[in-house]
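Reading through the C-alpha cells given below for one structure.
Bear in mind that the values in this text are calculations on the coordinates, not laboratory data. For clarity, every value in this text was computed on a predicted model and none was experimentally measured. Don't worry about glycine lacking a Cβ; one is built from the backbone with ideal geometry, like all the others, and counts go over all protein chains shown.
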Amino acid sequence: MSRKIQFKGTGVALVTPFHKDGSIDFKSLKKVVDHVIVGGVDYVVVLGTTGETVTLNKDEKHAVVDYVIEMADNRVPVVLGIGGCSTQDIVNTIKDTDFENIDAVLSVSPYYNKPSQRGIYLHYKTIANISPVPVIVYNVPGRTASNITAETTLKLAEELENIIAVKEASGNLFQCMEILKHKPKDFLMISGDDMLTYPLLALGAEGVISVAANAFPKEFSDMVQNAFKGNWNKARELHFKLLEIMDLLIAEGNPAGIKASLEIVKIATDNLRLPLTSVSKPTYNKIAGVIAEMK
C-alpha cells in the first residue's frame, strides 16, 4: 500500500484521558483506541491538539505514544504529532524519536512567533528533509495566529516529495478550493474541520482528521466512505445526523466537548488538565440529549 493511500479516509485525533488527579488514564485510552478502530477509522493521530499534548511532559508523551502503538497493534497506521515554535527543536525531536511503527508526522505550523510565508516554507522544508517518514502539514490559523497560504501549501506540495498532505483547518473554503484545484494529483487534502468535511469531500478532498470520531467513529467513517463511493445522499444524511453534535463539541472548546461525549457514552471521563476545563452543565446536558437522539 502506498504511504499516501494510508491516509485517505478518516483519521482520528486521539484524546488523552486523565484521572481526576491529572494522571494519564491508560485504561480509558485503550478503550478509546479500540472504539475508534472497531468503528472503522483508517488511522489514528497521537499527540495532536485534541490530545492536550502541550500539557504533557516528555516522559508522558513517550508513554502515550508507546501505549497507542501497542494498543493499535498494527491494525491501522499511526501518525505522530510533532510541532512547535522552534524549527531546531522539532529537528532534534525527530532525530531522538524511534519511528518504528510510526507511519507519518503531523506538524502544526509554528505558533506565537508568526513567521512569514518564506519562514513557513523553510520550516517545513527543514522538517521534510530530516524526517524518516512522510510529513503532513497542519494549517490551523485559529490556534497559530498565522495562516499557511494556498501558494505556500502548493509550493511545499510541488517541491518536497516527503510532504504528502495538508490538514486544512483554516475554515477558508476559497483557500481550500485553490489548493484542490492546483495541487499535484497524489498530494492529499485532509479536512481539519469536522463540520466542513462533507463539502470538502465533494470538492475533492481525500479525508479528514476528526475530533468527533473519538466518540462517533462509525458514523463519521460511514459518511466519508459513502462520499468516496458517490453515495452523496447517504453521506449528506450522515453529515446532518452529526451536525448538531459537531457544533456542540466546539461550543466551549476542544477537547472539552469530545471528552464530555466520551464520558456520556461510557468510554472515558471528561477530566482535562488546566488551563482547560470541562464544559458547563448546560452544554453537557445538551450533548447528552443530542447523543440520546442519535441512537
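What does the chain give for Rg and for Dmax, in Å, if only its C-alpha atoms count?
Using the Cα atoms of the chain, the pair Rg, Dmax is 17.9, 49 Å.
Calculate for the chain the 222 nm mean residue ellipticity that helices alone would give, adding -39,500 (n - 2.57) per DSSP H run of length 4 or more and normalising by residue count, nearest 500 deg cm²/dmol. Kindly include the intermediate steps, with their values, before the conclusion.
Working: 12 runs with 136 residues, N = 295.
-14000 deg cm²/dmol, from helical runs alone.
Work out the FRET efficiency for residue 240 and residue 203 from their Cβ-Cβ distance, taking R0 = 22 Å, and round it to the nearest 0.05.
0.75
What is the sum of charges around residue 138, taking Lys and Arg as +1, Asp and Glu as -1, for the other residues whose C-beta is under 10 Å from the C-beta of residue 138?
+1
Picking from 56, 156, 262, which is most flexible by a Gaussian network model of the chain using Cα springs under 10 Å?
56
Any lysines with Cα under 17 Å of the residue 218 Cα? List them, leaving off those in the same chain fewer than 8 positions away.
Of all the lysines, those that pass the test against residue 218 - Cα under 17 Å, at least 8 places apart if same chain - are 8, 31, 229, 234, 241, 266, 295.
Whole-Hz ³J(HN,Hα) for each residue in region 79-84, computed from phi via Karplus 6.51 cos²θ - 1.76 cosθ + 1.60 with θ = phi - 60°, x for glycine and proline: what do you get?
Listing the rounded values in order: 10, 10, x, 9, x, x Hz.
Per-residue counts of other Cβ atoms within 10 Å, averaged by peptide: what ranking do you get for 207-218, 278-289, 90-101, highest first?
Values: 207-218: 26.9, 278-289: 16.1, 90-101: 14.2.
Going by the mean number of other Cβ atoms within 10 Å, highest first, we get 207-218, 278-289, 90-101.
Using the C-alpha gyration tensor of region 185-235, what are the square roots of 5 times its eigenvalues, in whole angstrom, with the largest one first?
Values: eigenvalues 53, 39, 15 Å².
Values for region 185-235, descending: 16, 14, 9 Å.
Calculate I(q)/I(0) for region 61-131 by the Debye formula, one identical point scatterer on each C-alpha and no solvent, and give its log10 at q = 0.13, 0.23, 0.27 Å⁻¹ to two decimals.
Result of the Debye calculation: -0.41, -1.01, -1.24.
State the answer as a single residue: which of 148, 290, 233 lies farthest towards the positive end of the charge dipole of the chain, with beta carbon charges of +1 for Lys and Arg and -1 for Asp and Glu, about the Cα centre.
Farthest towards the positive pole: 233.
Could you give the alpha-carbon Rg of region 140-269 over 2.2 N^0.38 Å, rounded to two decimals?
Cα Rg divided by the expected 2.2 N^0.38 Å: 1.10.
Per-residue HN-Hα couplings for region 124-139, Karplus 6.51 cos²θ - 1.76 cosθ + 1.60 at θ = phi - 60°, whole Hz, x for Gly and Pro?
Here the 3J(HN,Hα) series is 6, 4, 5, 5, 4, 6, 9, 6, x, 10, x, 10, 10, 6, 10, 10 Hz.
Could you check what % of the DSSP bridge pairs in the chain are antiparallel, to the nearest 5? Spell out each step's value before the answer.
Working: 1 of 29 bridges.
Antiparallel bridges: around 5 percent, rounded to the nearest 5.
Under the 0.36 nm per residue contour assumption, what length would be gained going from the current alpha-carbon distance of residue 145 and residue 247 to full extension?
34.5 nm
Evaluate the distance, in nm, between pseudo-label points positioned 7 Å from the Cα of residue 91 and of residue 70 along their respective Cα→Cβ axes.
3.4 nm
Farthest toward the dipole's positive end in the chain, which of 38, 11, 243, given Cβ charges of +1 (Lys, Arg) and -1 (Asp, Glu) about the Cα centre?
Farthest towards the positive end: 243.
Taking 0.36 nm per intervening residue step and subtracting the Cα-Cα distance, what contour gain separates residue 293 from residue 114 on full extension?
60.2 nm
With point charges of +1 on the Cβ of Lys and Arg and -1 on the Cβ of Asp and Glu, referenced to the Cα centre of region 92-197, which listed residue (196, 102, 120) lies farthest in the positive direction of the dipole?
120
Would you work out the charge dipole size for the chain about its Cα centre, treating the Cβ of every Lys and Arg as +1 and the Cβ of every Asp and Glu as -1, and quote it to the nearest 20 debye?
In total the dipole reaches around 400 debye.
With every atom except the alpha carbons ignored, what do you get for Rg and Dmax of region 204-278, in angstroms?
According to the Cα coordinates of region 204-278, Rg and Dmax are 13.8, 43 Å.
Can you list the aspartates and glutamates whose alpha carbon is less than 20 Å from that of residue 27, not counting same-chain residues fewer than 8 positions off?
Output for residue 27: 52, 59, 60, 66, 70, 73, 263, 270.
Per-residue HN-Hα couplings for region 26-39, Karplus 6.51 cos²θ - 1.76 cosθ + 1.60 at θ = phi - 60°, whole Hz, x for Gly and Pro?
5, 4, 6, 4, 4, 5, 5, 4, 4, 4, 6, 5, 4, x
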